[in-house]
1. Within region 81-171, which trypsin sites (Lys or Arg not before Pro) sit in a loop by DSSP and count at most 12 neighbouring Cβ atoms inside 10 Å?
2. Once each part is reduced to its C-alpha centroid, what is the distance from region 1-31 to region 43-88 in angstrom?
3. Using the alpha carbon gyration tensor of region 15-99, what are the three equivalent-ellipsoid semi-axes (square root of 5 times each eigenvalue), largest first, in whole Å?
4. Just to be sure I understand: if I project the alpha-carbon convex hull of the chain onto a plane and average over all orientations, what area do I get in nm²?
5. Let me know the longest stretch in the chain that avoids all GluC sites (Glu not before Pro) found in a DSSP loop with at most 15 other C-beta atoms within 10 Å.
6. In 5 Å bins starting at zero, report the fraction of Cα pairs in region 3-205 per bin as a rounded %.
7. Just want to confirm a number: the relative contact order over region 219-344, from Cα pairs under 8 angstrom separated by 6+ residues, in percent.
8. For Cα pairs less than 8 Å apart in space and 6+ apart in sequence, what is the mean separation divided by the residue count of the chain, i.e. the relative contact order in percent?
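A short reminder: the numbers here are calculations on the coordinates, not readings from a lab. Computed from a prediction, not measured in an experiment: that's the story for all the values here. Cβ placement follows ideal geometry from the backbone for every residue including glycine, while neighbour counts extend to all protein chains displayed.
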Amino acid sequence: MNKDVLKKHIQEFIQDSKKNVDKFNNDFKERLDLISYYQSFTKDKILKMNEDEIYEYIAKLWAMLLWGNKKYVVDKIIEDNGLQNFKKNLAELVWSELDIKERWDNFRNNIKGMGPAMISEILCKTHPNEFMIWNRRAYVGLNYIEVKNLPRYDYQLTGEVYNYLCRVCKEIAMELKKAGFQDQTLLAVDYFIWDKLQVEDNLSKIYVRKPPTEPKISSVESKFIHDDIRDKLRDIGQWLGFTSKTEQKVSEGSKVDTIWEATIGNMGRVIYIFEVQTKGSIDSLILNLLKSLNNPAVQGVVAVSDQAQLELIKKHVIDVKDLRDKLKYWDGLFHFTHVEDIGKIGTCKMPSV
């Protein structure tokens with residue numbers, strides 16, 4: 001961490017707090033209100049929450065601001081995980097006495113539909129002295145002050161990495177304290193990062209690929225990424241107005257990752273198919289897509305992967321005449337796995353289908 005750059009911006013932050021007393025007082029009150037709200041959800045209260053209470057609890061998160069239909073998100077979380085299972089895992093995440101590394105990993109392994117931005121925000125607002133908020137803005141800010149080993153993608157953000165990031169933010173909180181700022185919670189650190197460490201140049205660089213290739217991934221990481229992207233494709237389809245589902249059988253012998261389905265005038269039922277390739281046999285991918293085309297409602301098939309694997313798929317498909325002219329390619333694998341912006345349609349170019 002570059003302490004000189006950090007201290008420079010902390011001094012600016014302190015000066016701003018003296019010039020804009022009302023704003024900083026309002027920010028402080030806002031933090032107190034948020035902490036009070038989330039701390040009111042004790043372990044027992046979380047376990048007794050009904051669906052309306054879960055909706056309010058999750059919908060208030062800043063990480064939910066990009067969603068127009070928050071109820072859809074919360075309903076999907078409950079549907080995909082089960083009401084009792086979700087409450088049990090949430091209670092363990094927030095109030096278990098296990099090390100945060102274990103709690104983080106357990107929750108991410110057991111619960112679908114909630115990424116690091118949502119999870120860390122709940123932790124920070126409940127335990128503001130211990131846990132930080134991790135999202136795209138946090139990445140930009142910490143990268144700007146030269147914090148090392150920052151995760152660029154969600155699959156890299158393990159419990160151990162999150163624990164490391166919390167320690168980094170505690171160092172920033174200590175510097176705020178030394179400079180005379182009264183609120184040294186990690187929630188206050190988040191406000192500081194947003195106010196002072198957002199650099200336009202860095203905001204654009206988060207989307208730049210690091211040459212020559214993206215990081216290699218293990219089989220466990222591959223499964224995590226595959227399922228996460230599959231689910232985000234479903235969400236994007238939903239945003240666009242399609243009936244969108246995952247793991248669907250569309251023809252005999254073909255079960256695909258995600259479908260977008262619509263009824264269009266005289267055309268009747270129209271289906272677009274997406275297959276996510278992270279690891280595994282490309283020949284199996286091609287065979288599955290070929291079989292899916294036996295369904296007359298299928299109007300488009302899309303392979304979603306990184307640039308290197310898409311080039312391999314193109315080479316395999318070139319001699320498969322029934323597929324080569326129909327298959328589209330979406331270089332979206334690592335765009336989809338960016339922190340906080342997962343699922344935003346604008347983060348990658350959508351294929352024309």
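1. The qualifying sites are K148.
2. 33
3. Gyration-tensor ellipsoid for region 15-99: 30, 17, 10 Å.
4. That works out to 19.8 nm².
5. With a cap of 15 other Cβ atoms within 10 Å, the longest stretch comes to 147-251.
6. 1, 7, 15, 19, 20, 16, 11, 7, 3, 1
7. Relative CO of region 219-344 lands at 22 percent.
8. About 14 percent, as a whole number.
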